[in-house]
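Got a structure here, written out as structure tokens. Questions coming.
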Amino acid sequence: MAQALYRKWRSQTFDQVVGQEHVTQTLRNALRDGRVAHAYLFSGPRGTGKTSTARILAKALNCTGPEGERPCDVCPTCVAISEGRMLDLIEIDAASNNSVDDIRELRDKVGFRPSEGSYKIYIIDEVHMLSNSAFNALLKTLEEPPPHARFILATTEPHKIPATVHSRCQRFDFRRIPVAEIAAHLRYIATEENVQAEDAALTAIARSAQGCMRDAISLLDQMTSYGSEAISVAQVNQVLGSVASESVSAFVDALAQQNIPAGLQLIHDLLLAGASLQEFTTQVIEHLRGVMLLQMTGDSGLLDDRSPETVGQMKAQADRLTQPQTLFAVKRFGESVGELKGGHQPQLPLELALVEIVSGPAIAIGQPQSAPPEATVSQVAAQPVAAKSSTDQASAAKPSAHTLSTVQPDKADSTAAAEQTDDKAPPAPLDQDAVVKLRGQWSEVLATVRERLGLKQQAALRAMRDIAIGESAIALAFGNNKFAKDMISDPETAIQVSTILAQFVGRQVTLECQEGEHATLPAAVGRVVRDTRKNDGPDPLLEFAVSELGAEVKDEKKAKRRAS
Ligand SMILES: Nc1ncnc2c1ncn2[C@@H]1O[C@H](COP(=O)(O)OP(=O)(O)O)[C@@H](O)[C@H]1O
Ligand SMILES: [Mg+2]
Ligand SMILES: [Zn+2]
């Protein structure tokens with residue numbers, strides 16, 4: 001098998017170390033001035049150039065080329081180090097078991113003069129893995145180093161190095177390498193290797209490497225084995241399970257426009273296309289982070305690894321969303337990433353996050369709350385509508401209307417009674433006791449619904465904002481979450497849900513699903529469940545279920561409405 005690209009393209013001179021100029025320039029100056037320290041500590045993430053730089057320093061110290069050009073990379077010593085056969089360069093991997101013996105041996109032999117060059121150089125990789133006794137042995141050596149010995153300790157976890165050892169070293173922090181610099185280096189390697197690749201493909205690889213050059217080169221290596229054609233961004237996305245940035249932006253657009261059906265459609269399409277929803281959600285979060293940066297700084301300078309088109313889209317979204325909305329979306333999607341682990345309906349956590357971000361978090365009875373409802377996308381747009389909505393007019397007109405405010409879900413339980421004495425709180429429900437009791441059992445209601453109907457119905461019911469209970473009817477308000485309301489008010493679902501609710505309330509009830517913040521009982525209490533979608537035109541959820549999930553419509557009236 002051919003040598004791995006990342007080994008083949010190990011940096012051999014200071015110039016070839018990308019993105020760590022603060023280290024390489026300081027080392028060059030020290031070499032020029034003859035002030036090379038006895039011991040260095042190289043810290044930083046893996047694959048950022050610590051080992052490479054340590055070897056380059058070892059070369060420079062022993063190089064026989066012209067002063068000022070060291071390492072020359074052509075003299076016998078430089079070549080020997082590049083080829084890994086220089087006796088005076090001793091590399092110890094502290095992660096392997098025999099490292100204590102290695103350190104003892106080091107101590108025993110460090111006094112001997114170098115055999116070929118002028119310096120004996122010890123590189124101790126993953127030095128934080130040394131045992132206490134090994135550290136102690138090392139410390140003795142560092143305290144009285146022979147003049148011809150130099151030490152380079154490398155670690156990804158500098159905080160694990162004892163202070164006594166730390167203080168004997170000059171420390172350099174290797175940083176994650178910026179996307180643009182990784183992409184440029186990949187371009188260089190691709191050209192040298194005669195590999196064709198789209199710019200966008202290299203940028204996608206670079207971004208996925210998160211600052212680690214080794215990972216980026218390895219991924220490029222993997223991509224070259226895909227065939228003779230140019231590496232495309234589509235190929236890279238496929239390998240990474242990631243998604244074209246247009247889809248990510250379109251999804252955030254749907255969010256900003258409160259267009260739940262469009263968002264759900266996108267999720268569905270991605271799933272069909274075999275994309276990893278976990279990866280997609282991560283990309284959405286990264287995109288929203290860009291939107292957030294724009295909102296907070298108004299400056300696109302921090303987004304220089306993004307294409308101008310993407311930045312333009314982010315700007316439009318930054319105008320449409322408020323900062324708290326963006327923040328809540330980042331947080332809520334963040335929560336859903338961990339939940340996207342396959343299962344029966346792998347997309348559900350993402351769908352739920354979308355619905356909750358747009359329509360407000362589900363009522364918090366017995367459940368932790370992610371964020372206050374005012375952070376939801378719908379809030380700003382929804383308020384004027386809510387004020388005019390028929391349900392609100394009804395409750396304003398009728399002093400005896402029967403609702404209980406649930407605007408603050410996180411204190412719904414404990415302050416339910418207190419809120420009623422509040423001037424602004426809507427009037428008490430007809431059966432106030434039943435409401436309080438039902439709220440107290442809401443998590444059990446949800447569990448029962450999940451068991452008998454399924455996860456989607458449970459999820460929809462979690463969007464419930466308000467309950468009103470009368471003699472023989474229960475009204476549930478779903479805020480402006482039409483999606484949830486429609487799902488529960490589907491005739492069959494409504495009957496099953498009302499049967500469950502009846503068990504909790506202790507009497508036969510019919511169910512009324514409403515939009516708006518406050519649930520109000522229908523004038524004719526006890527009439528049959530109303531199909532609230534009569535004049536709404538096509539039902540988006542139904543459309544979605546039929547066209548995308550292959551559902552069959554059993555209710556003919558609805559089927560006709562769809563056909564017309
Ligand atoms: N800063 C960098 N510039 C160029 N290539 C790098 C850089 N960092 C890492 N690499 C690539 O990754 C490989 C591993 O790097 P290495 O120096 O062993 O990283 P570390 O010791 O920090 O884990 C190198 O062979 C090289 O191909
Ligand atoms: Mg290393
Ligand atoms: Zn040399």
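Let me make sure I get this right: for segment 179-240, a, b and c are the square roots of the gyration tensor eigenvalues over alpha carbons, sorted descending. Under 1.5 in a/c it's rounded, otherwise prolate if a/b > b/c, else oblate. Which is it?
Oblate.
A further question follows. Would you grab the residues whose amide H sits under 5 Å from the one on Ala197? Only those 5+ places off in sequence or on another chain, please, with H modelled 1.01 Å from N.
Counting only residues 5 or more places away or on other chains, the set is Ile231.
Can you work out the Karplus-derived ³J(HN,Hα) for every residue in segment 178-193? Use 6.51 cos²θ - 1.76 cosθ + 1.60 with θ = phi - 60°, whole Hz, and x for glycine or proline.
The phi angles translate into x, 3, 4, 6, 5, 4, 5, 5, 4, 4, 4, 5, 4, 4, 4, 8 Hz.
Per residue of segment 433-444, in order, report the coupling 6.51 cos²θ - 1.76 cosθ + 1.60 (Karplus, θ = phi - 60°) as ³J(HN,Hα) in whole Hz, putting x for Gly and Pro.
The phi angles translate into 4, 5, 5, 4, 5, 5, 4, x, 9, 4, 5, 6 Hz.
Which of the GluC sites (Glu not before Pro) found in segment 107-173 are loop residues per DSSP with 12 or fewer other Cβ atoms within 10 Å of their Cβ?
Taking segment 107-173 and a limit of 12 other Cβ atoms within 10 Å, no loop GluC sites (Glu not before Pro) are found.
What does the charge add up to near Tyr119, with Lys and Arg as +1, Asp and Glu as -1, over the other residues with Cβ less than 9 Å from its Cβ?
Local net charge: +1.
With 26 Å as the limit, write out which pairs from Lys331/Lys456; Lys437/Lys485; Lys341/Lys437 have Cα-Cα distances beyond it, or answer none. Please report the intermediate quantities before stating the final value.
Details: Lys331/Lys456 22 Å; Lys437/Lys485 22 Å; Lys341/Lys437 35 Å.
Beyond 26 Å: Lys341/Lys437.
Let me ask something additional. Alpha carbon centre of segment 282-312 versus segment 50-77: separation in Å?
Centre-to-centre (Cα) distance: 41 Å.
State, as an integer percentage, the relative contact order of segment 245-359 based on alpha-carbon contacts under 8 Å between residues 6 or more apart.
34 percent
So for Lys120, Lys482, fewest C-beta neighbours within 10 Å to most, what's the order?
Ordered by Cβ neighbours within 10 Å, fewest first: Lys482, Lys120.
Something else about it: Which GluC sites (Glu not before Pro) from segment 11-91 combine a DSSP loop assignment with at most 13 other Cβ atoms within 10 Å?
Here the GluC sites (Glu not before Pro) that fit, given the DSSP loop and packing criteria, are Glu67, Glu69, Glu83.
Using modelled amide H (1.01 Å from N, peptide plane; none on Pro or chain starts), what sits under 5 Å from the amide H of Ala39, excluding residues fewer than 5 places away?
For Ala39, the qualifying residues are Phe151, Gln170.
How do the peptides 324-335, 28-39 rank, highest first, by the average count of neighbouring beta carbon atoms within 10 Å per residue?
Packing order, densest peptide first, comes out as 324-335, 28-39.
Using each residue's phi in segment 276-281, evaluate 6.51 cos²θ - 1.76 cosθ + 1.60 at θ = phi - 60° and report the 3J(HN,Hα) Karplus result to the nearest Hz, with x for Gly and Pro.
7, 5, 5, 5, 4, 4
Now, a different point. Rank the residues Met292, Met223 as a footprinting-exposure proxy: fewest other Cβ atoms within 10 Å of their Cβ go first. Spell out each step's value before the answer.
Details: Met292 18, Met223 21.
Ordered by Cβ neighbours within 10 Å, fewest first: Met292, Met223.
Using a ≥ b ≥ c from the Cα gyration tensor of segment 260-342 (square roots of the eigenvalues), is it rounded, prolate or oblate, where a/c under 1.5 gives rounded and otherwise the larger of a/b and b/c decides, a/b for prolate?
The shape class here is prolate.
Can you grab the distance from the C-alpha centre of segment 212-228 to the C-alpha centre of segment 458-476, Å, no decimals?
First find each Cα centre; the distance between them is then 54 Å.
Toward the positive end of the charge dipole of segment 245-359, about the Cα centre and with charges on Cβ (Lys, Arg +1; Asp, Glu -1), which of Leu271, Pro349, Gln317 goes farthest?
Pro349
Going by amide H atoms built from the backbone, whose H comes under 5 Å of the H on Arg465, apart from near neighbours?
So Arg465 has HN proximity to Ala477, Phe478, Gly479.
Does segment 191-324 come out rounded, prolate or oblate by the C-alpha gyration tensor, with a ≥ b ≥ c the root eigenvalues, rounded set by a/c under 1.5 and, if not, prolate when a/b is larger than b/c and oblate if not?
oblate
Cα centroid distance between segment 116-185 and segment 489-506, in Å?
Segment 116-185 and segment 489-506 have Cα centres separated by 68 Å.
FYI, it's all coordinate maths here, none of it is from the lab. Since the structure is predicted, the reported quantities are computational estimates derived from the model, not experimental observations. Counting neighbours? That spans all protein chains shown, and the Cβs are built from the backbone with ideal geometry, glycine included.
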